[in-house]
Every structure is written in C-alpha cells, then in structure tokens.
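Q: Sharing a structure with you now.
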Amino acid sequence: MDAFEAWVSNYVSLTNLRVGPAQSPAADLAAQHPGYQDLFEYPVSYTAVLKQILENEGPGGTDRFVLVGRKAGSPWLILDIASSP
C-alpha cells in the first residue's frame, strides 16, 4: 500500500463537507501537471473521524485544497490534495 492509499484508508467518515468556489491554481502548481487542461483548485473543509491520529491529520475540522484537471477527451481527475494553496 502506498502512502496515499494508507492516508485514505485511515478515514472512517467525513461530515460537514463544504466545497468552496473554484479558483485558478498558482502557476507553479499548474506547471507540475503538464498536459492537463481546465485546472481548478477547490478549498474543501470537513470533519473527519480517523482510525488513528497522524502527525498532520487529527480528528475534527480540516481544511484542504483539491486540484482537479483533465486531459483533452479524458475524465476529470483529482491531481493533488494539499493543506495550503
């Protein structure tokens, strides 16, 4: 299991999910994903119940920034999840 799969499998539930309006990502972040069009970053807030508390992830309210994008003719993908824009 890679680090991302381990992080996701640590979640028991999410509540109070709020997704803010789409923003254009910073140029340096967009440059890390060449070939993707329609890049958007969304601020996301939620309350998490976790199997175990981690260094950068505890129970309660959490804010993240989710980058989504797609290549021509392809479906939308989550490209990055970060704690700051």
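Q: Filtering segment 47-85 down to residues that are closer than 16 Å to Ser13 by Cα and of a type in the set (S, T, N, Q), which residue is farthest from the chain's Cα centre (by Cα)?
A: Among residues in segment 47-85 that are closer than 16 Å to Ser13 by Cα and of a type in the set (S, T, N, Q), the one farthest from the chain's Cα centre (by Cα) is Gln52.
Q: Given the residues Val66, Val49, which is the only one that is modelled with pLDDT under 90 and in a strand (DSSP E or B)?
A: Val49
Q: Only residues that are touching a Lys or Arg at 6+ places or on another chain (Cβ under 9 Å) and exposed (fewer than 12 other Cβ atoms within 10 Å of the Cβ): list them for segment 13-61, please.
A: Gly35, Gln37, Asp38
Q: Which residues, taken from segment 1-25, are of a type in the set (A, V, I, L, M) and out of contact with any Asp or Glu (no Cβ under 8 Å at 6 or more places or on another chain)?
A: Selection gives Met1, Ala3, Ala6, Val8, Val12, Leu14, Leu17, Val19.
Q: Test Leu54 against the stated conditions and say whether it is farther than 23 Å from Ala3 by Cα and of a type in the set (A, V, I, L, M).
A: So Leu54 fails the test.
Q: Here's another thing I want to ask about it. Would you point out the residue of segment 1-36, among those that are among the aliphatic types (A, V, I, L, M) and part of a strand (DSSP E or B), that is farthest from Gly58 (Cα to Cα)?
A: Val19
Q: Could you tell me whether segment 24-44 includes any residue that is polar (S, T, N, Q) and within 14 Å of the chain's Cα centre (by Cα)?
A: No.
The values are calculated or read from the model by the stated rules, or taken from the named source; none is laboratory data. It should be emphasised that the depicted structure is a prediction, and the values quoted were computed from it without experimental measurement. Here the Cβ is made from the backbone with ideal geometry for all residues, glycine too, and neighbour counts use every protein chain on show.
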